[in-house]
Amino acid sequence: MSEDKSIENTPSSPERRRFVGLAASAAGLSLAPGIMLMEVAHGRPEEQAASSAVRWGMLVDATKCGTGCNDCVSACSTENGWTPVAESQHKNQAPQWIRKLELQDPLTQFETNLPMMCQHCADAPCVDVCPTGASFKRADGIVLVNRHTCIGCRYCMMACPYKARSLVHEPLNDTQKADVPRGMGCVESCTLCVQKIDRGDGTTACVEACTASGHNALLFGDMNDPESEISKRLRELPTKQVRADLNLNLGVRYHGI
Amino acid sequence: MKRLLALGAVVLTTAALAWAGAESTSAPKTGVAAKPVITKAVKGEQCVEDTEYMRRNHMDVLDHHRDKTVIEGVRTKKHSLKECINCHASETTGSVAKGKDDFCVSCHSYAAVKIDCFECHSTKPQASMAMHPMNAESAHYAHKMATQTNDKVSAEDMAGIAQ
């Protein structure tokens, strides 16, 4: 840190300017001044594997989350093709990737709203317990289920401290989305809209919906990039990890809880 | 007399052959399965690999690509199941595995090999407007409107089918 400060304080010489310019063009492949061929953070080329240089994460601002608003949940269900719980026949066992929680402090009656879903732990208990290796963490920090190896034992569901996972109990009769395969007998949970990330959208369905509804309670981005919007906000705001005592290093952080 | 007999024999055999031929076209002989119907892909002229290679090795090609996709997030179009479906979905059922003559099912039932792909994967090409990246931002509104106007939507209604 101190070294950075000293560089900042010295008057910039032409040599240093030239170096900065070179570094900028190397980072972003600029075609011409101001025109970038691809963005640095999320515009990963199609044939390039997800990299651990990126860690996708989400910041939930519970102070902005609307009471009674369910837009993130319905957006998730539309994007990923799971039937909303209210519409399913067996509500107790219906798959649910994201749910809204309303909490009330019994002393002060203060109400808090927040969405709860897979927290994309860096040290995920679901990954630890999976007997077949189907539950895994992708290089960019997204915790996923490989349905090709999932045997539906539900061990991960029991290990998850956030009740984030569901088992598909009933046949889906070809209602799946082309980008989101799902099947009976497999465990599933929030994928941080991995199909959208791989496409280069750089956001998730719930975040898009929250922004569209005007609440702006959700922010998605690369937590490894110090210049990303989410990193900046995480520096400014006091945030918490749910069940921080478990030391799981979560990808989803909450403000205002 | 001999000539007449020979002529009679010839007539009889041709008649018998013709009858047998007619019989074989109208109904298959017992014990012989009907050959699979291989419909030409609706879109595209040439598959990503040679037809002969694909007939023998498509399962390995798909297997390799699925691991690259699920574990590494590589979603290249070549060798992707989604692209197979996009090209090979039948024009009548809109699917690769719904009808008995659809592309995947037709051969697999002939060879008596069960396909597991469609336990999880959609058998239809991506057609929904909501899935298009251009419409992604407003996609959830369509669903919101549907839930507001229609009180009960079953899974069958959403799919538009009942198997």
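What to note about this one:
- Pairwise centroid distance, computed over Cα atoms, of the range B:69-112 with the range A:134-171, Å: 26
- One quarter of the convex hull surface built on the alpha carbon atoms of the range A:109-257 amounts to 10.7 nm², the projected area averaged over directions.
- Per DSSP, loop trypsin sites (Lys or Arg not before Pro) in the range A:54-117 with at most 16 further Cβ within 10 Å: A:LYS64
- Based on the reciprocal of the average 1/r between different C-alpha atoms, the Kirkwood radius for the range B:36-131 equals 14.0 Å.
- Phi-based couplings in Hz for the range B:47-56 (Karplus 6.51, -1.76, 1.60; Gly and Pro marked x): 5, 5, 10, 4, 4, 4, 5, 5, 4, 8
- Database remark: amide H of A:VAL252 closer than 5 angstrom to the amide H of A:MET58 (H placed geometrically; neighbours at sequence offset of 5 or more, or on other chains; Pro and chain starts carry no H).
- Looking at the range A:82-179, the pairs of alpha carbons with a distance over 24 Å make up 33% of the total.
- Close amide H pairs (under 5 Å, H built 1.01 Å from N) link A:SER135 with A:ASN146, residues at least 5 positions away or on another chain.
- Protection proxy ranking, peptides B:42-50, B:94-102, B:54-62, A:191-199, average beta carbon neighbours within 10 Å, highest first: A:191-199, B:94-102, B:54-62, B:42-50
- Using R0 = 22 Å, the C-beta based FRET efficiency linking A:GLU102 and A:ARG199 works out to 0.10.
- Exercise: per-residue mean of other protein chain Cβ atoms within 10 Å, A:196-207: 2
- Long-range Cα-Cα pairs in the range B:27-80 (distance over 19 Å), rounded percent: 48
- At q = 0.22, 0.30 Å⁻¹, base-10 log of I(q)/I(0) for the range A:203-257 (Debye sum, equal scatterers on each alpha carbon): -0.96, -1.24
- Peptide A:102-108 shows a mean partner chain C-beta count of 0 within 10 Å per residue C-beta.
- Across peptide B:72-82, the mean count of Cβ atoms from other chains lying within 10 Å of each residue's own Cβ comes to 4.
- Listed residue pairs exceeding 27 Å between alpha carbons, taken from A:LYS91/B:LYS98; A:LYS196/B:LYS82; A:LYS177/B:LYS78; A:LYS196/A:LYS232; A:LYS232/B:LYS82; A:LYS163/A:LYS196: A:LYS91/B:LYS98; A:LYS232/B:LYS82
Every read-out reported here was derived from the displayed coordinates using simple, explicitly stated rules and does not represent laboratory data. This is a predicted model, so every value here is computed, not measured. Don't worry about glycine lacking a Cβ; one is built from the backbone with ideal geometry, like all the others, and counts go over all protein chains shown.
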